[in-house]
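One structure is given here, and the rest of the page talks about it.
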Amino acid sequence: MAGEKLKLAVAAARQALRALDERDRFAVVTFDDRVDVVAGAGVASRDAVAAAEARLDAVVAGNNTDLGAGWLTACGEIGGAVADDAVARCLVLTDGQANRGIVDATALAQHAKELRLRRVTTSALGLGAGFNEFLLGRLAEEGGGNFHFAERADELAAIVGGEIGAVLS
């Protein structure tokens, strides 16, 4: 992911972070041909959110997209921290072009289904034009979350706000 799509992903991540408060926990993971845990699972304190936002400034475009490894790493971060009476939500922000690692939509959907049984749900946000709607739709459907599409930055607030609101309710 590069250019406008990367800008959209960073903007959406910022909006999600800013919607959290100290009662929430979060993690931020970026992925291209490698996976980077930008912020490990922890409390959404003002300092932790600011640190995560600062690290987002350093995100640059990579080569291929290992969506599976990035998403599974994020689910591991939040799944390991979920309380017994809670549900974790992973919001995948991507151009939806899985071309490294697990690329099969059925295999990814099976992982989403298994994670859902462990109370880790997945929503997917396809950014820009040309994303794999089938793959992201299956990920969200089997993951018990929602599937969204955003082509412009002004569409992000409602989507991210709706996702955060759904989790908090």
Close pairs from segment 146-164: first without any contact (Cβ under 8 Å) to a residue 60 or more places away in the chain, partner surrounded by 16 or more Cβ atoms within 10 Å (Cβ to Cβ) and of a type in the set (S, T, N, Q), Cβ under 6 Å, at least 6 apart: Asn146/Ser123
Sole residue being surrounded by 18 or more Cβ atoms within 10 Å (Cβ to Cβ), assigned to a helix (DSSP H, G or I) and either modelled with pLDDT under 90 or in contact with a Lys or Arg (Cβ under 7 Å, 6 or more places away or on another chain) (or both), chosen from Ala41, Ala69, Ala9, Ala52: Ala9
Inter-residue pairs, beta-carbon under 6 Å, first of a type in the set (S, T, N, Q) and in segment 52-63, second open to solvent by 40 Å² or more (accessible area, probe 1.4 Å), 6+ apart: Asn63/Asp33
Which numbered condition Phe131 fails, given (1) open to solvent by 60 Å² or more (accessible area, probe 1.4 Å); (2) farther than 18 Å from Ile78 by Cα; (3) not in a helix (DSSP H, G or I): (1)
Residue match in segment 92-111 (condition: aliphatic (A, V, I, L, M), open to solvent by 30 Å² or more (accessible area, probe 1.4 Å), within 26 Å of Ala157 (Cβ to Cβ) and modelled with pLDDT of 85 or more): no
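The values are calculated or read from the model by the stated rules, or taken from the named source; none is laboratory data. From a predicted model like this one, the values you see are computed outputs, not experimental measurements. Methodologically, a virtual Cβ is constructed for each residue, glycine included, from the backbone with ideal geometry; neighbour enumeration extends over all protein chains shown. We work out accessible area using only protein heavy atoms, side chains counted, and drop any ligands, DNA or RNA first. Shrake-Rupley method; radii C 1.70, N 1.55, O 1.52, S 1.80 Å.
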